[in-house]
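The values are calculated or read from the model by the stated rules, or taken from the named source; none is laboratory data. Quick caveat, the model's predicted, so the values are computed rather than measured. Backbone-built Cβ (ideal geometry, glycine too); neighbour counts: all protein chains shown. The area values use the complete protein model at the heavy-atom level, side chains included, leaving out ligands, DNA and RNA. Shrake-Rupley method; radii C 1.70, N 1.55, O 1.52, S 1.80 Å.
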Amino acid sequence: DDHSNSYITTLLTCKDKASNIESPVSPPTTKQVAGGPSSTTGINFDIDNLDDLNLIGPNQELTSKSFNSMMNVYATTGTVEGAEKGAALLKKLEEMHSSGEIGFRPDIYLYNKLMNAWHLCEKSNDKDDSISPAEKAQEILDYIIEQCEMGKEGIEHIAPNDVSFSICLHAWCKSNRPDAAERAEQLLRRKELFVRKYEGVVVKATDYNRVISKWKDDPVKGPERATLLFDEVLQRYGDSEEKSRPTAATLNALLDLYAKCHEQDHLAEKAQHYLNRMNQMHKERKSCILPDVISYRSVIDAWILRWHKDSPQKVDALVKEMIEKYRHEGRTDLCPDSNALNLVLKACSHAPAMWKEEGSAEKGNEHPIAIANRIFSMLKGKNQYGANATHATYSFMFLIYKVHMDFRDKRYLPLMKNMWKHCCKDGLVSAFALSTFRDSLLPNDFLESIGGKAKFEKLGKADVKSITVQDLPKEWCRNVSPALKGKGRREKTW
């Protein structure tokens, strides 16, 4: 009605000032979420006196739309204050329905909005040590599940749905509590039990993906727990409904975890194992999971972060496998671009120094410098992939020569200077390229390569580290995006 609509308009205006919602009434009050613990709202709003808000006028019946609009305002503030105010409102609505003041009762959509209010607090990081928004959302879900399982007549309106579980799961996955990953998996297990008894709720692949991904927050137990969960989902593949079947995203969540938890040994090998296993299972039609470009790049990341002497060969082999699948299987998604080939160079630059190692010269084509030179030649020449050298290409090449060549080798300085000339000629001098080149030479050699000591002394740049890309000729940087010319900015190459 007009009365409700005018108030809704006022609420929507207030929504733009969500962090400072004002109310004409008195001090904060302590209220209890239905079925949950007590909470104190810091917003000036007396939830017991809705008449003062002019929600209910003479001879007018308030509809659920008004309260839905109110809850939407509170639920989208992203603040603890707004969530607590929504909790107090929901409690009041239950009381008003019980007393007959209103003819409708809060439904699952209102409960979901309140859970989402707490979820947004986790997302916006608006919380303190005394409040766990994820726990608050969990308490609301526990309450509506308990009401549903008690089998009371007329409680169908608050039966949890997919959204209810998803919001709560999202909240735990955003939480930084030490036990958040454990609580997320516990919620997943509870959802699995719930769907066996009730219709309308389905455990989806995305639920497993989120929990597997969340386990990366626990570098000690995370890899093992995530692997167990992935294997369990994989074994149940044949009995799963379509929405529950694992996808490439499920595999990618596991592989990404292996890369992120690189402090543990052998996770790169484990990532490689699962990539090979899923490729083979898909080939044998035993799985619908087909590893994609993200799968390969996650395994590549795992090898790079392993900082192992064999990492360059492993990454090179993976890129070669991508090329083979592109050529012979028509996998256009695996066509190697500049970033993919730069990852090989990155792996070479991250490998332990080889110049002191006995027998390193005999490694031949498997030596990091040999691998890097081959990739560099591919990027500089014509290739069927449309991949070209980038500023990161040169940056990694400077690092590779610095790490794997003896600084006293008479070939070192001429090689570095020649590489720098090509970088300038191609217009690919970025902050990353400049810093890696500078760190690879003695100060006088560096200054000579970029224009001479006298030139930069006139600019007041006596310290070589004070020289930036802006001090160099513009044509040297012409093919670098403006965002990468700033101090310390690097192109994402994975």
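Listed here are the residues, each with its yes/no results for (1) touching a Gly at 6+ places or on another chain (Cβ under 8 Å); (2) surrounded by 16 or more Cβ atoms within 10 Å (Cβ to Cβ).
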{"residue": "135", "(1), (2)": "no, yes"}
{"residue": "140", "(1), (2)": "yes, yes"}
{"residue": "145", "(1), (2)": "no, yes"}
{"residue": "149", "(1), (2)": "no, no"}
{"residue": "155", "(1), (2)": "no, no"}
{"residue": "169", "(1), (2)": "no, yes"}
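Please state which of the following conditions residue 386 fails to meet, knowing it meets all the rest: (1) assigned to a helix (DSSP H, G or I); (2) under 33 Å from the mean Cα position of the chain (by Cα).
Going through the list (1) assigned to a helix (DSSP H, G or I); (2) under 33 Å from the mean Cα position of the chain (by Cα), residue 386 breaks only (1).
Could you please find all residues in region 139-152 being within 19 Å of residue 198 (Cα to Cα) and either among the charged types (D, E, K, R) or part of a helix (DSSP H, G or I) (or both)?
Correct list: 140, 141, 142, 143, 144, 145, 146, 147, 148, 149, 152.
From the list 396, 437, 376, pick out the single residue that is in contact with a Lys or Arg (Cβ under 6 Å, 6 or more places away or on another chain) and part of a helix (DSSP H, G or I).
When all the criteria are applied, what remains is 396.
Scan region 321-336 and tell me whether some residue there is in contact (Cβ under 8 Å) with a residue 40 or more places away in the chain and not in a helix (DSSP H, G or I).
Scanning region 321-336, I find at least one residue that is in contact (Cβ under 8 Å) with a residue 40 or more places away in the chain and not in a helix (DSSP H, G or I), so the answer is yes.
Taking residue 221 as the residue in question, decide whether it is touching a Pro at 6+ places or on another chain (Cβ under 8 Å) and not aliphatic (A, V, I, L, M).
No.
Can you run down the residue pairs with Cβ atoms below 6 Å, 6 or more apart or on separate chains, where the first is in region 101-122 and within 17 Å of residue 169 (Cα to Cα) and the partner is part of a helix (DSSP H, G or I) and of a type in the set (S, T, N, Q)?
112/164
Scan region 263-274 and report the pairs whose first residue is under 16 Å from residue 317 (Cβ atoms) and whose second residue is buried (at least 19 other Cβ atoms within 10 Å of the Cβ), with Cβ atoms within less than 6 Å and a gap of 6+ or a chain change.
Hits for this filter: 268/302; 268/303; 268/306; 271/255; 271/258; 271/299; 271/302; 272/299.
Is at least one residue of region 234-255 aliphatic (A, V, I, L, M), surrounded by 19 or more Cβ atoms within 10 Å (Cβ to Cβ) and more than 24 Å from residue 339 (Cβ to Cβ)?
yes
Within the set of pairs 6+ apart or on separate chains, which have a first residue in region 306-319 that is open to solvent by less than 10 Å² (accessible area, probe 1.4 Å), a second that is part of a helix (DSSP H, G or I) and of a type in the set (Ser, Thr, Tyr), and C-beta atoms under 7 Å apart?
Close Cβ pairs satisfying both conditions: 318/296.
What number of residues within region 86-103 are part of a helix (DSSP H, G or I) and open to solvent by 10 Å² or more (accessible area, probe 1.4 Å)?
Qualifying residue count, region 86-103: 7.
Taking residue 385, is it at negative phi and at pLDDT 95 or above?
no
How about region 231-289: which of its residues are acidic (Asp, Glu) and either farther than 20 Å from residue 302 by Cβ or not in a helix (DSSP H, G or I) (or both)?
Within region 231-289, 232, 239, 241, 242, 263, 265, 284 meet the criteria.
Please go through region 174-193 and pick out each residue that is open to solvent by 40 Å² or more (accessible area, probe 1.4 Å) and more than 18 Å from residue 236 (Cα to Cα).
If the condition is that a residue be open to solvent by 40 Å² or more (accessible area, probe 1.4 Å) and more than 18 Å from residue 236 (Cα to Cα), then 174, 176, 177, 178, 179, 182, 183, 186 are the ones that fit.
When residue 83 is evaluated against the numbered criteria (1) surrounded by fewer than 16 Cβ atoms within 10 Å (Cβ to Cβ); (2) at pLDDT 85 or above, which criterion, by number, is the only one it fails?
Residue 83 satisfies every listed condition except (1).
Could you list, ordered by first residue, the pairs with Cβ atoms under 6 Å in which the first is in region 402-422 and open to solvent by less than 40 Å² (accessible area, probe 1.4 Å) and the second is not aliphatic (A, V, I, L, M), at least 6 apart or interchain?
If the second residue must be not aliphatic (A, V, I, L, M), the pairs left are 404/355; 404/368; 405/355; 405/412; 416/440; 420/437; 420/449.
Check 255, 290, 305, 275 and return the single one that is more than 29 Å from residue 369 (Cβ to Cβ) and under 22 Å from the mean Cα position of the chain (by Cα).
Among 255, 290, 305, 275, only 290 is more than 29 Å from residue 369 (Cβ to Cβ) and under 22 Å from the mean Cα position of the chain (by Cα).
Can you tell which of 210, 196 is of a type in the set (Lys, Arg), open to solvent by 60 Å² or more (accessible area, probe 1.4 Å) and within 15 Å of residue 166 (Cα to Cα)?
210
What pairs can you find where one residue is in region 372-395 and of a type in the set (Asp, Glu), the other is open to solvent by less than 10 Å² (accessible area, probe 1.4 Å), and their Cβ atoms are less than 6 Å apart, with a gap of 6+ or different chains?
Between residues of region 372-395 that are of a type in the set (Asp, Glu) and residues that are open to solvent by less than 10 Å² (accessible area, probe 1.4 Å), there is no close pair.
Here is a list: 162, 231. Which entry is open to solvent by less than 40 Å² (accessible area, probe 1.4 Å), under 16 Å from residue 252 (Cα atoms) and out of contact with any helix residue (DSSP H, G or I) (no Cβ under 6 Å at 6 or more places or on another chain)?
231
Would you be able to say whether some residue in region 291-309 is assigned to a loop (DSSP other than H, G, I, E, B) and modelled with pLDDT of 95 or more?
Within region 291-309 (the criterion being assigned to a loop (DSSP other than H, G, I, E, B) and modelled with pLDDT of 95 or more), the answer is yes, since at least one residue qualifies.
Restricting attention to region 158-191, report how many residues are under 17 Å from residue 117 (Cα atoms) and either basic (Lys, Arg) or touching a residue at least 60 places away in the same chain (Cβ under 8 Å) (or both).
1
Could you check region 181-216 and list, in sequence order, the residues that are in contact with a helix residue (DSSP H, G or I) (Cβ under 9 Å, 6 or more places away or on another chain), basic (Lys, Arg) and in a helix (DSSP H, G or I)?
183, 190, 191, 197, 210, 214, 216
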